[in-house]
Structures are given as C-alpha cells and as structure tokens.
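Q: I have a structure I would like to understand better, so I am pasting it below and will then ask my questions one at a time.
The values are calculated or read from the model by the stated rules, or taken from the named source; none is laboratory data. Not measured: the values here are computed from a predicted model. Here Cβ is always computed from backbone atoms with ideal geometry, including for glycine, and neighbour counts include all displayed protein chains. In case anyone asks, the SASA skips ligands and DNA or RNA and just uses the protein heavy atoms, side chains included. Shrake-Rupley method; radii C 1.70, N 1.55, O 1.52, S 1.80 Å.
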Amino acid sequence: MSRVTELFARAQGSLAGGVASSTRVNRALGHPLYFERAAGCRLWDLDGREYIDLCCSHGATLVGHGDPRIRSAVERVLDAGAACSYENELQTELAEQICAMVPACERVRLVGSGTEATMHAIRLARAYTGRAKLVKIEGNFHGYHDQVMFSIGTPADKLGPESAPTPWAGSAGIAPGLAEQLILVPYNRPDLLAAAFARHGDEIAAVICEPIYYNAGCILPTPEFLAALGEEPRRHGALLMFDEVLSAFRMGKGGAQEYLGLTPDLCTLGKAVGGGYPLSVFGGRREIMDHLMPVGNCQHSGTYNGHPVSVAAAIAALQIYAAPGFYEHIHRLGERLFRGLNEAFERHGVPGRVAGLGARFGVYFGPVGSLTSYRDIVHHDRPLMLRFIRAAIERGVYFHDYGGGACHHGFCAAMTLADAEEALDRLDGAIASLAG
Ligand SMILES: Cc1ncc(COP(=O)(O)O)c(C=O)c1O
C-alpha cells in the first residue's frame, strides 16, 4: 500500500476530512499528496516519487523551495530567540522595502494571511469613508472571511443576469444579510461598474478587485475596465482596493498595479511576499492608513502579526525579487512554458489552452470564449481538466485542483530553462494521453 494512501486514511481519524485546510485535497486525485521533501522547483512525495512543481504552494513559493538565502535569514532570527508578538527592527525594514517597491504603499501593516489582509483593509475602507457597501467583482476571490465569500465559483445556472449577478454564498454558515452590503459587477464591464456607481455612489466604501484575475487562471483587465476602475470610485468618494495577494511580485517588483499603471488607494499583498512563510500585508495612502489605531479609531492587531521568522523571510524574498535579472528569468520561463504547452495541445488535437503572465497561468479546456470574465470560464471542461491533472501527476508534474471553476498554476524562479524543457517533455505525454 502506498504511504500516501496510508497517511490519508490515518489523517481522517484526527483531522476533519483528513486535511489541515479544505482545499488541500487535490480534486483530481480525491486526496492530498503528502510531500516529504522539496528543493528548488521539485517535490518528493511520501512514496519517493519526484515531481516538477507547477503549483508552487498556491503561489507562495516564487523563489523556489528551500532557498538558502531565505533559510539563513530565518536561521538568524531563530538563533536570536525569535521573540514574537513584540515590535522589532525587522518589521520597519520590511515596511520600508515594501513602500519603496509597491506604488500604493505609503504605509503598511502586517498580518498572517491574505484573508486577514482583505478583512482588515475592508474595515479600514469603511472606517475611512463612513460607508458600508462594497463593489465586488463577480468571481474574484478575496479569502475566506464572511464579508467577501460570495460569488466565487458560482455554478453556471445560478449566475443571474450580468447587470445583477447573484450573490451566491461560497460556504454554508454565512449570514445572508451580509450579501446586502455587496454590489456585484462582472470583470471587464466598465459600463456595469459605472451603472453601479450611478445607482449607489454615495453608499459605496470601496471597489475591491483582483487587478489581474489570476484566480481564474489569468484574465487581464481591458484598458476600458482599468480606466473605469481609476475613475468611478474617485468620482464618487469611494476607494479603489487592489487585492494583490496572488498578483504581487508575480510579473514585476511593483506588482500588478505597477505593471498596469494604475495605483489604487489601498492594496493587499500575500503569498509571494512571505517567501514561503506566513505573512501578508495591507497598505495604502498615508491619510487612509492613519485611520488605524493608535493614531485613528480603526482596530487592527493580532498576536502573530509581524512574526520575526516570516518578516526575515519576506525581507530576503523581496531582495531576491528586486535583484537585476529576476523578472527577465521569470518572463523567459513563462514564454517557454506557455508556448510549449499551447503547441502540445495543438499537436495532439486536445482542446486546451494556456494563458499566463509572469509566474502564474491558467490551463483551460473546451469553450472559454475570449477569457474576459468569470462567465467565460464557468463553462470550461472541468472533467477534461481533472484528467489532464491526473495524467500530469502520473508523469511527474504536480498541478493542484482545489475545486474551483478554473485554477491557477505557477512556476518558481528556481526553475531553469532545462527544467522547463523537462516539464514540457513530461506534459507532452500527459496531453497525448488525452487525445482521441
Ligand atoms: C486574491 C486572493 N486574495 C486573498 C486570498 C486569501 O489568502 P490566504 O489563503 O493567504 O488567506 C487569496 C488566496 O488564494 C487570493 O488569491
């Protein structure tokens, strides 16, 4: 019997559903894969099988697993006692580094997860504006707290009209009244964004959105949508909030906001910011951030906020992102992998397609139209995608499916062009197995 199967059976005796976190079950396999060892762009499971990692910790691992520069930064903190829940110099050093790299950030605060980052940023937007409503983009994902767990992965038959998408709850247990605070607008619909502001302008605290919609694989905003995001909230005294938990540092050191040339009032950063350790950030204009206690009256605190181990890892990671050549390498790898995969789909006559930017990408199957919004990808062929992921895993390339509509995948900077070729070779076999 495989040790992976054995451990899943054992885990179900004490961990609810056998996992520490629900989406760790890989839906293509029906169980999690347990990894015993990781190095660079590779993982080894409990049965000793080796994989090239194209999940990369759901985006947290952008440098690569076990990077020695991050490891020695962490070890220095451990050697010094790792006193947590106190302020220290490293937190200021990290904040200075982020403010220098990310255009929106004049002041920042540190939290553990992306979920906490959006939760606090939303409270702050409400405290600053004195308004309650949020414009949320249909399908965009902002973490697991109750304010935003609506309209993520809505089934095709529950979407409702584009002018008034259904606030479909992404979990049981969410008070229905919370949906009343949300105004839903499809991605890339500047006309419907303007209509929402025309109707509710003086009640809206903020628009929260993924500036690059990576949670649907990789969907880019049109220039018209970007222009509306830049104009509508400001015209009506509301804030623009970019959730860059997934997009930060992915395609450039200033994140999607720098890449797209639109600076929001507030933003959240997560995943890659911690270099593989639990740290997320929210930040923005000083005038808004000064509404946080102790200067203002909006609360944000937490025992583990700014933990020195994570902060040290983040400083080391950001130095790596800022070093010359880092993003040239990322873009070279991306071009090779995306082109290679698209060619393989074509060669084998499999209706698959890759769209990506920087170190993250989506693989779509079947009819996904022009890839402009959640409504395009809701019809993609999930059964074929799950077959693809299973075939890839069998051949030594790890993709994760967490059960959403489409998925996001990614690679890390530790990958070389030779590793990319090896991944493409293995995936050629996987794609060939889907043909016919
Ligand atoms: C855009 C976005 N926001 C928020 C989150 C939540 O972050 P976390 O899983 O760290 O709580 C995620 C996680 O995937 C995300 O992609």
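Q: Within the stretch 352-378, how many residues turn out to be part of a loop (DSSP other than H, G, I, E, B) and either at pLDDT below 95 or more than 11 Å from residue 218 (Cβ to Cβ) (or both)?
A: 9
Q: Among the residues of the stretch 61-72, are any touching a His at 6+ places or on another chain (Cβ under 6 Å) and assigned by TED's automatic domain parsing to the domain that holds residue 385?
A: no
Q: Restricting the search to the stretch 132-144, which residues are in a loop (DSSP other than H, G, I, E, B) and open to solvent by 20 Å² or more (accessible area, probe 1.4 Å)?
A: Of the stretch 132-144, the ones in a loop (DSSP other than H, G, I, E, B) are 132, 138-144.
Scanning the stretch 132-144 gives 132, 141, 144.
Q: Then there is this: From the list 208, 183, which residue is away from the ligand (no atom under 16 Å from the Cβ) and assigned to a strand (DSSP E or B)?
A: The match here is 183.
Q: For the condition open to solvent by 20 Å² or more (accessible area, probe 1.4 Å) and either within 16 Å of the ligand (Cβ to nearest atom) or modelled with pLDDT of 95 or more (or both), what is the one hit in 391, 406, 414, 430? Don't jump to the end; show me each part of the working.
A: Numbers: 391 fails: open to solvent by 20 Å² or more (accessible area, probe 1.4 Å); 406 fails: open to solvent by 20 Å² or more (accessible area, probe 1.4 Å); 430 fails: open to solvent by 20 Å² or more (accessible area, probe 1.4 Å).
Answer to the check: 414.
Q: Looking only at residues in the stretch 224-263 that are away from the ligand (no atom under 16 Å from the Cβ) and among the charged types (D, E, K, R), which one is nearest to residue 98 (Cα to Cα)? Can you show your working first?
A: Here is the first cut: in the stretch 224-263, the residues away from the ligand (no atom under 16 Å from the Cβ) are 224-228, 230-239, 252-254, 258, 261-263.
Now restrict to residues that are among the charged types (D, E, K, R): 224, 231-232, 234-235, 253, 258.
Working: 224: 29, 231: 26, 232: 27, 234: 24, 235: 28, 253: 10, 258: 13 Å.
Looking at the filtered set, the residue picked out is 253.
Q: Continuing with this model, one more query. Inside the stretch 394-403, can you point out the residues that are more than 18 Å from residue 141 (Cβ to Cβ) and either surrounded by fewer than 20 Cβ atoms within 10 Å (Cβ to Cβ) or touching a Pro at 6+ places or on another chain (Cβ under 9 Å) (or both)?
A: The answer is 394, 395, 396.
Q: Sticking with this one: On the given criteria, is residue 173 away from the ligand (no atom under 16 Å from the Cβ), part of a loop (DSSP other than H, G, I, E, B) and among the small types (Gly, Ala, Ser)?
A: yes
Q: Return the residues of the stretch 347-366 that are more than 28 Å from residue 31 (Cα to Cα) and either open to solvent by 10 Å² or more (accessible area, probe 1.4 Å) or among the aliphatic types (A, V, I, L, M) (or both); say none if nothing qualifies.
A: Residues satisfying the conditions are 347, 348, 349, 357.
Q: Next question, about the same structure. Quick one: would you say residue 128 is of a type in the set (Phe, Trp, Tyr) and closer than 25 Å to residue 221 by Cα?
A: Working: of a type in the set (Phe, Trp, Tyr): yes; closer than 25 Å to residue 221 by Cα: no.
Answer is no for this residue.
Q: With open to solvent by 50 Å² or more (accessible area, probe 1.4 Å), away from the ligand (no atom under 13 Å from the Cβ), out of contact with any helix residue (DSSP H, G or I) (no Cβ under 7 Å at 6 or more places or on another chain) and part of a helix (DSSP H, G or I) as the only criterion, which of 100, 125 stands out?
A: Answer to the selection: 100.
Q: If the Cβ limit is 9 Å and pairs must be 6+ apart or interchain, which residue in the stretch 292-303 that is assigned by TED's automatic domain parsing to the domain that holds residue 85 and over 21 Å from residue 280 (Cβ atoms) pairs with which residue that is in a loop (DSSP other than H, G, I, E, B) and of a type in the set (Phe, Trp, Tyr)?
A: As it stands, the answer is none, since no pair meets every condition given.
Q: Same structure again: Of the residues 11, 60, only one is more than 16 Å from the ligand (Cβ to nearest atom), of a type outside the set (S, T, N, Q) and within 20 Å of residue 402 (Cα to Cα); which?
A: 11
Q: Do the conditions hold for residue 314, that is, is it in contact with a helix residue (DSSP H, G or I) (Cβ under 6 Å, 6 or more places away or on another chain), within 16 Å of the ligand (Cβ to nearest atom) and in a helix (DSSP H, G or I)?
A: yes
Q: Take the residues in the stretch 211-223 that are assigned to a helix (DSSP H, G or I) and open to solvent by 10 Å² or more (accessible area, probe 1.4 Å); name whichever of them is farthest from the ligand (Cβ to nearest atom).
A: Of the residues in the stretch 211-223, the ones assigned to a helix (DSSP H, G or I) are 214-216, 223.
Pick out the ones that are also open to solvent by 10 Å² or more (accessible area, probe 1.4 Å) and you get 215, 223.
On the way: 215: 5, 223: 22 Å.
Within the stretch 211-223, the match that is farthest from the ligand (Cβ to nearest atom) is 223.
Q: Something else about it: Go through the stretch 337-351 and count every residue that is outside any helix (DSSP H, G or I) and farther than 10 Å from residue 431 by Cβ.
A: Residues flagged as outside any helix (DSSP H, G or I) and farther than 10 Å from residue 431 by Cβ within the stretch 337-351 amount to 1.
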